[in-house]
Amino acid sequence: MNPNKIKRIREQTPGSAGVIHFNNAGAALQPAPVFEAVTDHLNLEYQIGGYEAAAKALPKTEAFYQSFATLLNCQPNEIAFIENATRAWDMLFYSIPFKKGDRILTARSEYVSNYLAYLQVAERHGVTVEAVPDDESGQLDLAALESMIDENVKLIAITHIPTHGGLVNPAVGVGKIARKNNILYLLDACQSVGQMPLDVQEIGCDMLTGTGRKFLRGPRGTGFLYVRHALIESLEPPFIDLHAANWIDQNSYEIRPDARRFENWESHIAGRVGLAAAVDYALDIGLDEIKQRVYSLAQTFRTKLTEIPGVVLRDIGTEQCGIVTFTKTGETGLQISKRLREKQINTSVAVVEHARIDMGERGLKDMVRASLHYYNTEAEIERFCEVLAETIN
Ligand SMILES: *Cc1c(COP(=O)(O)O)cnc(C)c1O
């Protein structure tokens, strides 16, 4: 990314003047066009009324579906707006008709809330959930996955990039196996969407979910799902409302045929408009360019971190993204994150309670998670490492 472009992007990111924001896996700093899209709509609601503002914003709320279709290489009717990624994922997962004896295959670094849902459905329906082993690098082992397939596998559901580390799981490889065996494939793309190009045709997933506030730089309280068109009619949402279905006569209803069957009628319109603006903003910069910049910054950052006494990098996998995790001798992750925060450096902390399998077996209680985006700079990395290196007593 050329320096002028970065300069312009930082100017459009007023927050970057006041903080070193390495918490993009938590919630990224919003760019001005996103903030303005949200506040303009809120203002319109304030001035003319919520329903009236929604009617005026209809072209924008409809454009939301096309923006995501462009981002993910799918059709607009395969996209739904949901209030967050967890609910988006739940709407799809709980619509799958599981029966006793079905198997769910997942990854060892699966997102905590997804795993809780597996455990609940396992109890309810007598299905089993199995975490596919990792290969030596720490990513999901494709050969192991293939060897675990049989006619009882109902679903393969993995997290593309775990919330607690730099690992990028081989989503395309998993897709090939799912397609070959005709098994449903659900991908949690929360940390990858906005950080790199995602093409649902290339990945071969049937369903994909993500959030607005992380690498997409959208507003909080926004999320989305993608579901392959051919599948939609076979997936009945766990609950429906007047937007998801039509009340035909006193005793019958009909669920709508597009992905919006998973939406709520009432929703955060300003958030939806803001999220569409965030997708357009990312598309305008270019997802390939974003990925390249994020990966190269993260590589520089990892190299610098290893030069600091006591710091141990904790990222695993062959391909590593903009999420960087580490520990440092003598301080807990929480203490480090707090100390950095006092110097206007934002990070977050990954804890074992949210990654029982992966962090549990690696004997890690907590780690600092420093997640970089394209608007971060080498100078910020320098400053970060300077503060981190300070010895505390
Ligand atoms: C953040 C995250 C989620 C949850 O997203 P919400 O929008 O907070 O519901 C799910 N999966 C992964 C991998 C995440 O990092």
Response to the item:
So, first residue farther than 19 Å from Ile203 by Cα and touching a residue at least 12 places away in the same chain (Cβ under 8 Å) in region 158-169, second residue assigned to a loop (DSSP other than H, G, I, E, B) and within 7 Å of the ligand (Cβ to nearest atom), Cβ within less than 8 Å, six or more apart or across chains; the pairs are Thr163/Ala25; Thr163/Tyr111; Thr163/Cys190; Thr163/Gln191
Worksheet entry | Single condition Thr391 does not satisfy, out of (1) in a loop (DSSP other than H, G, I, E, B); (2) surrounded by 15 or more Cβ atoms within 10 Å (Cβ to Cβ) | (2)
Discussion item. Restricting to region 229-243, and then to whatever is over 24 Å from Val200 (Cα atoms) and over 24 Å from the mean Cα position of the chain (by Cα), can you tell me which residue is surrounded by the fewest Cβ atoms within 10 Å (Cβ to Cβ)?
Written reply: Leu242
Worksheet item: Residues in region 54-65: is at least one buried (at least 18 other Cβ atoms within 10 Å of the Cβ) and within 20 Å of the chain's Cα centre (by Cα)?
Response: yes
Discussion item. Criterion first (modelled with pLDDT of 95 or more and within 12 Å of the ligand (Cβ to nearest atom)) does Ala69 satisfy it?
Written reply: no
Worksheet item: Which one of Ala25, Ala80, Ala88, Ala117 is within 16 Å of the ligand (Cβ to nearest atom), at pLDDT 95 or above and part of a loop (DSSP other than H, G, I, E, B)?
Response: Ala25
Item to complete: May I ask you to say which residue of Leu364, Leu372 is modelled with pLDDT under 95 and closer than 27 Å to Ser137 by Cα?
Response: Leu364
Practice prompt. Within region 36-51, work out how many residues are surrounded by 12 or more Cβ atoms within 10 Å (Cβ to Cβ), closer than 22 Å to Ala80 by Cα and either of a type in the set (A, V, I, L, M) or free of Cβ contacts under 8 Å to residues at least 12 places away in the same chain (or both).
Written response: 3
Worksheet item: For region 174-222, how many residues are buried (at least 20 other Cβ atoms within 10 Å of the Cβ), touching a residue at least 60 places away in the same chain (Cβ under 8 Å) and assigned to a helix (DSSP H, G or I)?
Response: 1
Worksheet, complete the sentence: Taking region 91-114 and keeping only residues that are hydrophobic (A, V, I, L, M, F, W, C) and in a helix (DSSP H, G or I), one is left with Met91, Leu92, Phe93, Val112
Discussion item. For Glu266, only one of the following conditions fails: (1) assigned to a strand (DSSP E or B); (2) of a type outside the set (A, V, I, L, M); (3) not assigned by TED's automatic domain parsing to the domain that holds Ser371. What is its number?
Written reply: (1)
Item to complete: Take Gly165 and decide whether it is modelled with pLDDT under 95 and within 16 Å of the ligand (Cβ to nearest atom).
Response: yes
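The values are calculated or read from the model by the stated rules, or taken from the named source; none is laboratory data. A quick note: this is a predicted structure, and the numbers were derived from the prediction, not measured. Don't worry about glycine lacking a Cβ; one is built from the backbone with ideal geometry, like all the others, and counts go over all protein chains shown.
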